[in-house]
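The values are calculated or read from the model by the stated rules, or taken from the named source; none is laboratory data. Values in this document were obtained by computation on a predicted structure and should not be read as measured data. Because the Cβ atoms are built from the backbone with ideal geometry, glycine has one as well, and the counts that use them run over all protein chains shown.
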Amino acid sequence: MSLAAQVIAQTGDELKNAAAAEGAGFAYGLAAIGPGIGIGYLVGQAVQAMARQPESAGQVQTTMFLGVAFTEALALIGFVVFILLKFA
């Protein structure tokens, strides 16, 4: 294989890697939007519930933390997909 063909092949691989990294970053950005909105809404509603009924604040807070954990799992799944796309 000539030197020019090797350079073209190497440049093609670099472009493929750059496109994969860009696509993976975009996918993770989209994957983080949903959980961010969900957690914001969940915490806002929990604060509102605690303000309306302070005697049930402990139960609301426990339920809120469980919801935050499950919602954050979605962002972590998106991060795993990002890593898989970047290094696959």
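Taking region 32-70 as the range and being more than 26 Å from the chain's Cα centre (by Cα) and not polar (S, T, N, Q) as the test, the residues that pass are 49, 50, 51, 52, 54, 55, 57, 58. When region 57-87 is filtered for residues that are aliphatic (A, V, I, L, M) and at pLDDT 90 or above, the ones remaining, listed by number, are 57, 60, 64, 66, 68, 69.
Just one of (1) of a type in the set (A, V, I, L, M); (2) in contact with a helix residue (DSSP H, G or I) (Cβ under 7 Å, 6 or more places away or on another chain); (3) loosely packed, with under 14 Cβ neighbours inside 10 Å fails for residue 21. It is (3). Which residue pairs have Cβ atoms closer than 9 Å, lie 6 or more positions apart in sequence or on different chains, and pair a first residue in region 63-88 that is among the polar types (S, T, N, Q) with a second residue that is outside any helix (DSSP H, G or I)? Listed by first residue and then by second, the contacts come to nothing, as the list is empty. For region 41-88, a residue qualifies if it is of a type in the set (Gly, Ala, Ser) and part of a helix (DSSP H, G or I), and the qualifying residues are 44, 46, 49, 51, 56, 57, 58, 67, 69, 73, 75, 78. For residues in region 1-50 being among the aromatic types (Phe, Trp, Tyr) and within 25 Å of residue 86 (Cβ to Cβ), which is modelled with the highest pLDDT? Among those that are among the aromatic types (Phe, Trp, Tyr) and within 25 Å of residue 86 (Cβ to Cβ), it is 26.
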